[in-house]
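Undergrad: Before I ask anything, here is the structure I am working with.
The values are calculated or read from the model by the stated rules, or taken from the named source; none is laboratory data. All values derive from a computational prediction rather than experimental measurement. When we count neighbours, we look across all protein chains shown, and the Cβ atoms used for this are built from the backbone with ideal geometry, even at glycine.
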Amino acid sequence: MLTTGELDRIRAELGYNVLDVGAEPYIGVQAIFSQVIQPYLREGLETSSSTEVAENASGTLVGLTLASATGLSVRTKLVVDVDDFLEVATIRALAGNVATVLLKKAHAGTYPVTVDAGLQIVRECLAALFRIEQLIAELEGEGALKKVDEIEFYDVKGRSRLGLLVEQQRHWRQRLASHLGIPQHRTSGVAGGSVSLC
């Protein structure tokens with residue numbers, strides 16, 4: 001299930017305020033996030049593994065010992081680990097609680113293993129948006145201006161790096177909105193009443 005923090009991040013990325021539903025009489029707040037998206041977003045089966053895996057750029061077939069393999073089968077796509085260690089792998093063989101998958105990244109400790117589904121798709125969009133936000137923050141106040149006496153900007157095929165990042169951000173926000181079936185909401189200076197999602 002999406003956490004409250006993830007719901008707030010979705011609201012912010014799609015242009016909605018991050019106030020709680022109780023604020024509805026005072027400013028437009030969409031109950032769709034907590035009353036529709038959170039309880040009805042499709043989740044994949046969740047389990048975990050403690051099988052240590054070494055990094056190998058070309059990939060290694062690994063037998064992951066899972067806490068539970070109930071509901072899994074050959075050709076099921078698994079999302080292994082989180083953050084920078086996240087990777088998607090397909091089960092090639094399954095014997096008891098051991099799923100054989102091809103992995104490239106290192107995995108240690110106890111890490112989550114989830115079946116690819118709606119929840120993971122939304123989390124991938126949020127992770128991409130977070131990475132883009134970090135890159136934009138690194139660029140602020142630096143990297144765009146090339147000369148002071150004559151203003152000259154670096155560009156990548158006619159666009160600045162910041163412009164490319166903003167374009168990627170727009171792309172991921174559109175994907176997130178599309179996956180959730182809701183429109184992006186961009187208003188300025190609007191207060192009072194609810195905003196229709198129709």
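Undergrad: Output the residues belonging to the stretch 60-87 that are in a strand (DSSP E or B) and surrounded by fewer than 18 Cβ atoms within 10 Å (Cβ to Cβ).
TA: Across the stretch 60-87, the qualifying residues are THR60, LEU61, GLY63, THR65, LYS77, GLU87.
Undergrad: Of the numbered conditions (1) more than 27 Å from LEU64 (Cβ to Cβ); (2) among the hydroxyl-bearing types (Ser, Thr, Tyr); (3) at pLDDT 85 or above, THR100 fails exactly one; give the number of that condition.
TA: Failed condition: (1).
Undergrad: Those residues that are of a type in the set (Val, Ile, Thr) and surrounded by fewer than 17 Cβ atoms within 10 Å (Cβ to Cβ), I need them from the stretch 106-128; list them, please.
TA: The one that is of a type in the set (Val, Ile, Thr) and surrounded by fewer than 17 Cβ atoms within 10 Å (Cβ to Cβ): THR110.
Undergrad: Among the residues in the stretch 35-52, are any within 23 Å of GLN169 (Cβ to Cβ), touching a His at 6+ places or on another chain (Cβ under 8 Å) and small (Gly, Ala, Ser)?
TA: The answer is no; no qualifying residue exists.
Undergrad: Within the stretch 98-141, which residues are among the β-branched types (Val, Ile, Thr) and part of a helix (DSSP H, G or I)?
TA: Passing the criteria: ILE121, VAL122, ILE132, ILE136.
Undergrad: Out of the residues in the stretch 89-105 meeting the condition of being touching a strand residue (DSSP E or B) at 6+ places or on another chain (Cβ under 6 Å) and within 13 Å of VAL53 (Cβ to Cβ), tell me which one is surrounded by the most Cβ atoms within 10 Å (Cβ to Cβ).
TA: Ranking the qualifying residues of the stretch 89-105, first place goes to ALA99.
Undergrad: Further question: Among the residues in the stretch 48-59, are any within 16 Å of VAL122 (Cα to Cα) and surrounded by 14 or more Cβ atoms within 10 Å (Cβ to Cβ)?
TA: no
Undergrad: Residue pairs, Cβ under 7 Å, 6 or more apart or interchain, first in the stretch 59-77 and under 16 Å from TYR111 (Cβ atoms), second in a loop (DSSP other than H, G, I, E, B) and of a type in the set (D, E, K, R). List them.
TA: Partner pairs satisfying both residue conditions: none exist.
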